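Read the figures in this text as sums done on the coordinates, not as results from a lab. For clarity, every value in this text was computed on a predicted model and none was experimentally measured. Here Cβ is always computed from backbone atoms with ideal geometry, including for glycine, and neighbour counts include all displayed protein chains.
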Amino acid sequence: MDQQQYDFGMIGLGVMGRNFLLNVADDGYAALGTDVNAEAVDALNKEGEGMNVLGVNTQQEFVAKLAKPRKIMLLVPAGKIVDKVIEGLLPLLDDEDIIIDGGNSHYDDTNRRYEYLKEKNIRFLGTGVSGGAKGARLGPSIMPGGDESAWKEVQPILETVAAKVNGDPCVTYIGESSSGHYVKMVHNGIEYGLMQLIAEAYDIMKRVGGLSNNRMSEIFADWNRGRLGSYLVEISGKILAQKLEQGRDEHLLDYILDKAKQKGTGKWTSQTAMDLGIPIPTIDAAVTMRAISAFKEYRQDTSKMFTVINSDEVKLDGEALAVEIEKVLYFCFVITYAQGMHLLSEASEELNYNLDLEGVARIWRGGCIIRAELLEKIRKAYGSREGLKNMTATAEFRNDLNDCRSAVVEVLHLANERGIPALCMATALHYFEAFRSERLPLNMVQAQRDFFGSHTYERIDQKGTFHTEWDS
């Protein structure tokens with residue numbers, strides 16, 4: 001009988017859970033896994049043959065084989081399944097054992113579980129994990145929040161498993177309660193924005209500049225070697241180059257239906273930002289564009305009813321346009337990260353997370369879906385300014401935004417002439433314009449509110465609160 005005690009356990013042996021556990025075993029830890037699906041357990045044992053990793057079929061055997069205090073990670077679908085797994089574990093656990101929820105749980109659920117398990121003397125970490133299946137195997141970005149003593153117990157394992165940038169592990173203790181899942185949620189919101197911006201850049205280069213998929217693939221590869229260097233730019237270039245089945249010269253991208261699905265984390269980001277009163281319009285626009293894309297039949301019908309004078313038939317110099325698009329993407333990437341970081345800054349105060357935003361930017365530099373060269377500049381901006389909320393006016397970005405602004409205006413003009421939607425690009429520009437405006441036309445809004453609702457207003461020439469009888 002196997003008497004070995006295992007260092008780390010995983011419940012949920014889908015591709016993410018299995019790959020994460022194999023990563024743990026790669027780094028010298030004894031790794032144990034279980035799943036309700038016997039085939040998933042068999043797959044772990046087959047793939048982990050010759051490694052210090054084992055899959056078992058029951059939670060009882062799983063818990064019995066783990067060294068105390070037990071370190072158990074869940075990578076199961078968010079929602080009720082997480083609660084069900086936790087309830088099944090509780091009778092088998094001892095005080096001070098550790099449960100890590102590594103899925104995309106809503107932060108409200110994580111708050112509830114954190115408090116519930118604290119009462120049961122079980123330490124809980126709500127942990128964001130980013131990097132996809134490949135990242136889980138080779139090194140993800142990990143965002144643990146919750147019980148700090150639990151973090152200290154699992155820190156050596158997670159630091160070994162995480163992606164490294166110049167030897168620095170892409171994991172840090174995020175903060176109390178649900179902070180880890182909150183940061184991961186905002187990460188995913190930023191991801192939505194960046195993905196849509198790249199899609200808009202591709203659309204404009206194709207329809208305005210007449211660039212082929214092959215040429216755009218080369219351009220994206222060039223961008224990836226410069227200041228736009230990032231995982232999403234890299235994979236977009238590879239997507240553009242991908243051909244259909246062997247023997248066919250057409251590109252796969254041209255055959256993919258233009259209806260994008262979403263799992264909800266982008267929407268959650270928009271909702272919490274609205275609740276806190278923090279503007280993140282580029283992320284909101286990305287969520288909106290996925291929703292619009294779902295109405296394919298309606299779009300097909302209405303496309304026949306409206307015409308644009310400057311059609312796609314008139315092409316501009318694609319190479320010159322690509323130079324300008326690079327500036328547009330850089331500008332919009334900066335603005336999108338700025339919106340996400342601003343939300344984190346305000347949420348940190350409102351929700352008592354006490355986030356280290358330099359640390360957040362640092363662990364996003366590698367392993368995760370939004371990793372980018374840009375994040376090192378973001379890390380420096382937050383690391384050198386205590387209490388920084390919005391990075392757009394910092395020395396790291398001020399000149400770049402000024403230099404790129406005219407390109408954004410010009411490219412949006414070209415898109416508008418041809419009826420090409422570029423909602424994320426437009427919101428990034430107007431967010432920037434609004435934040436650099438000393439005076440906004442919201443005096444009219446305040447007057448309107450006072451007119452119909454007696455909501456009062458303030459004046460610029462006198463202190464106090466005022467109301468006017470507008471119809472008298």
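Starting from the coordinates of the alpha-carbon atoms of region 101-172, obtain the Kirkwood hydrodynamic radius over all distinct pairs and give the value in Å to one decimal.
Averaging 1/r across every pair of different Cα atoms and inverting gives 12.8 Å.
Please give the contour-minus-distance gain from GLU319 to GLU350: 0.36 nm per residue of separation, less the Cα-Cα distance, rounded to one decimal in nm. Each step should come with its number before you reach the end.
On the way: separation 31, 0.36 × 31 = 11.16 nm, distance 4.69 nm.
Here the answer is 6.5 nm.
What is the pair-distance distribution P(r) of region 8-177, computed from all Cα-Cα distances in 10 Å bins starting at 0, with each bin given as a whole percent?
It works out to 11, 43, 38, 8, 0, in whole percents.
Which value, in debye to the nearest 20, describes the size of the charge dipole of the chain about its Cα centre when Lys and Arg Cβ atoms bear +1, Asp and Glu Cβ atoms bear -1, and nothing else is charged?
Computed charge dipole of the chain: roughly 420 debye.
Per-residue ellipticity at 222 nm for the chain, helices alone: DSSP H runs ≥ 4 residues times -39500 (n - 2.57), over residue total, nearest 500 deg cm²/dmol?
One gets -17000 deg cm²/dmol as the mean residue ellipticity at 222 nm.
If packing is taken as the mean number of other Cβ atoms within 10 Å per residue, what is the order of 319-329, 335-345, 119-129, highest first?
Descending packing order for the listed peptides: 335-345, 119-129, 319-329.
Taking neighbour Cβ counts within 10 Å as the exposure measure, how do ARG439, ARG225, ARG290 sort from fewest upward?
Lowest to highest Cβ neighbour count: ARG439, ARG225, ARG290.
Size of the dipole of region 1-93 about the Cα centre, Lys and Arg at +1 and Asp and Glu at -1 on the beta carbon, nothing else charged, in debye to 20? Before the final figure, lay out each step's value.
Details: 8 positive and 12 negative charges, 67 e Å.
The calculation lands at about 320 debye.
Calculate, for PHE295 and ASN214, the FRET efficiency according to 1/(1 + (r/R0)^6) with r their C-beta to C-beta distance and R0 35 Å; round to the nearest 0.05.
0.65
Put +1 on the Cβ of each Lys and Arg and -1 on the Cβ of each Asp and Glu in the chain; which of PRO421, PHE452, ALA30 then has its Cα farthest toward the positive end of the dipole?
Result: PRO421.
Among GLU176, GLU250, GLU245, what is the fewest-to-most ranking by other Cβ atoms within 10 Å?
Ranked by crowding around the Cβ, least crowded first: GLU245, GLU250, GLU176.
Dipole of region 184-435, Cα-centred, from +1 at each Lys and Arg C-beta and -1 at each Asp and Glu C-beta, to the nearest 20 debye?
Dipole about the Cα centre, nearest 20: 480 debye.
With angles folded into 0 to 90 degrees, how steeply does helix 398-417 sit against the dominant principal axis of the chain? Use alpha carbons for both and round to 10.
70 degrees
Can you find, among LEU276, GLY247, THR336, the residue farthest towards the positive end of the dipole of region 184-435? Put +1 on the C-beta of Lys and Arg, -1 on that of Asp and Glu.
GLY247
Restricting attention to the alpha-carbon atoms of the chain, what are Rg (one decimal) and Dmax (integer), both in Å?
Answer for the chain, Rg first and Dmax second: 25.0, 92 Å.
Just order 262-274, 138-150 by mean Cβ neighbour count inside 10 Å, highest at the front, would you?
Averaged packing, sorted descending, gives the order 138-150, 262-274.
So if the hydrodynamic radius of region 340-448 is defined as the Kirkwood radius over C-alpha pairs, what does Stokes-Einstein give as its diffusion coefficient at 37 °C and 0.692 mPa s, in µm² per second? Write out the running numbers ahead of the final one.
Details: Rh = 16.3 Å.
Answer, rounded: 202 µm²/s.
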